[in-house]
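The values are calculated or read from the model by the stated rules, or taken from the named source; none is laboratory data. All values reported here derive from a predicted model rather than from experimental measurement. Because the Cβ atoms are built from the backbone with ideal geometry, glycine has one as well, and the counts that use them run over all protein chains shown.
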Amino acid sequence: MADLATPGHPLRVAIFGSGPTGFYATDHLFKARGATVEVDLYDRLPTPFGLVRGGVAPDHQKIKMVARAYERTAQNPRFRFYGGVEFGADIRLADVMRHYHAVIFSVGAQVDRHLPIPGIELPRSHAATEFVAWYNGHPDYRDREFDLSRESVAVVGVGNVAVDVCRILARSVDELKTTDIADYALEQLAESRVREIHMLGRRGPAQAAFTNPEIRELGKLEGADIRVLEEEAELDPVSAEWVASGQDRAAPLKVKILQQYAAEKRSGKPRTLTVRFLVSPTELIAGPDGGVETVRLVHNELFMDDRGKIRNRAIDRLEDLPASLVFRSVGYRGVPLPDIPFRDDWGVIPSEEGRVLDAPGGEQVTGQYCAGWIKRGPSGVIGTNKPDALETVKSLLADVEAGRHWNPGAPSAEAAERLVRERAPDYFSFADWKKLDAIEVARGKEQGRPRVKFVSVEAMQAAIRPA
Ligand SMILES: Cc1cc2nc3c(=O)[nH]c(=O)nc-3n(C[C@H](O)[C@H](O)[C@H](O)COP(=O)(O)OP(=O)(O)OC[C@H]3O[C@@H](n4cnc5c(N)ncnc54)[C@H](O)[C@@H]3O)c2cc1C
Ligand SMILES: NC(=O)c1ccc[n+]([C@@H]2O[C@H](COP(=O)([O-])OP(=O)(O)OC[C@H]3O[C@@H](n4cnc5c(N)ncnc54)[C@H](OP(=O)(O)O)[C@@H]3O)[C@@H](O)[C@H]2O)c1
């Protein structure tokens, strides 16, 4: 169609996933020079913003302000939000092809990466993904149970998610009660008997995945001392050389911070957070009640592989760490969408510059694009998704220009809305979300908190459409 993407024939794009990536992709499409684009942004949850609402820690409110930029994008008259509408369940690929010229998948990485060691499925062993979603009031996770009566907890992994989990476990109630943490989580954390938190890194301090502001923050908690073992803070020769080479500009400061922690005395705060290095869990061992009681660790040494990456390998030294609550925080993973190619080994949609491929290294699938965590894997901060979405949008627009797009039979906003009404009559529009948002913020104001979240879809519905 020669006049596609003009006011007479707007380019219609469906985007599934309203996290940062979905909003950045929308914004890039609206800003495309000389193209008139209509975007319908879908999410399986009634609420928008993905991990900004359901992942970013409740004590990091400033970061959540990024949603204000997304709200500005949503004001475009060619934008529609369909919350509570799931790709694969409510809407299938064939439906999308009837109503749009192209689709972008920005569904993120919804589950945890496996940690295949014996005992990982024992009671009291959990994925950090679930704990994070629970304390943030994600409707699918609000019923999860975590036994916070345990004194000693192990968190496997030393990425920023592991830091979030440790910090939330270590915070005092006074620190948490001014946040938007889910009410039930606040109540249960108030009763927590957790005293010892162990964060477990398989490589050394120089290779820790957490960022410097995050590890610094752990040293300033009201109710918890931070502890690093001196011998584990020392750099081995391979790491020392690598740090000195300047390949990772953050590494020298990271090592310095950790060595300072190692040199400090504990001040006697009620909780202790110990950051360990060069240890890998090999097995979770059950206690008499059948739940995890001990984490068996093997100590590691580091070596540089053929590609110049510093890796860990086990040495002949085991340690049994008493811990009767375990969170594995070893990364997230995407899940396959019905009828859409998927690369199972990496947990992503196979793609090149955002164009979906029928297999890794295979042929382009017309009309299908992906962006964000489902495209490149679960790494990077919120801002990383902006250039990532731009790459995808550029590919999409170049293909449209070249005539490579779907030719839908009914490309109108009204026809798509009729379909949504039929499949998911209780969907949330952006105006519905704004109503819910206002109620949450008002409830928060009464308690001196940024908001009090609704944590079930039924309660969200009831709040904006009272019977
Ligand atoms: C625990 C945690 C804390 C983080 N904290 C920070 C931080 O403090 N600062 C920072 O800069 N970065 C942080 N990040 C990273 C940041 O959140 C990610 O880079 C970003 O959210 C990825 O964006 P995305 O849009 O690709 O995915 P997501 O944010 O996960 O959004 C995906 C969206 O897709 C929806 N969806 C899934 N499946 C379907 C479907 N089938 N149909 C329709 N919709 C679907 C989901 O409901 C979700 O809304 C954090 C990440 C995690 C995991
Ligand atoms: N405040 C923030 O800005 C913030 C907050 C949360 C998340 N995020 C971002 O979100 C992204 C995801 O964070 P993430 O923490 O989930 O992932 P991540 O940064 O990739 O960290 C994963 C951690 O798990 C470890 N790990 C992986 N497999 C393991 C195994 N088999 N055994 C032991 N340890 C293992 C990794 O160690 P190796 O390095 O040895 O592989 C690493 O320490 C990151 O980019 C992060 O920066 C940002």
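Tabulated data for the structure shown
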item: Residue ID - nearest to ligand 2 (Cβ to nearest atom), chosen from residues in the stretch 338-382 that are closer than 17 Å to Leu397 by Cα and part of a loop (DSSP other than H, G, I, E, B); result: Ala371
item: 1 or more residues buried (at least 23 other Cβ atoms within 10 Å of the Cβ) and within 16 Å of ligand 2 (Cβ to nearest atom): qualifying strands (runs of 3 or more DSSP E) within the stretch 41-133; result: 125-127
item: Test: Gly383 is closer than 20 Å to Ala74 by Cα, touching a Pro at 6+ places or on another chain (Cβ under 9 Å) and surrounded by fewer than 16 Cβ atoms within 10 Å (Cβ to Cβ); result: yes
item: Residue in the stretch 184-204 that is assigned to a helix (DSSP H, G or I), within 16 Å of ligand 2 (Cβ to nearest atom) and buried (at least 19 other Cβ atoms within 10 Å of the Cβ) present; result: no
item: Candidate set: the stretch 295-320, residues that are closer than 18 Å to Pro118 by Cβ and surrounded by 19 or more Cβ atoms within 10 Å (Cβ to Cβ); chosen: the one farthest from ligand 1 (Cβ to nearest atom); result: Val298
item: Among the candidates Ala208, Ala170, Ala190, residue that is touching a residue at least 12 places away in the same chain (Cβ under 8 Å), in the same structural domain as Leu273 (by TED's automatic domain parsing), over 15 Å from Arg271 (Cα atoms) and small (Gly, Ala, Ser); result: Ala208
item: Within the stretch 9-27, considering residues that are surrounded by fewer than 24 Cβ atoms within 10 Å (Cβ to Cβ) and not in a strand (DSSP E or B), the one farthest from ligand 1 (Cβ to nearest atom); result: Pro10
item: Residue match in the stretch 325-337 (condition: in a loop (DSSP other than H, G, I, E, B), within 16 Å of ligand 1 (Cβ to nearest atom) and without any contact (Cβ under 8 Å) to a residue 24 or more places away in the chain); result: yes
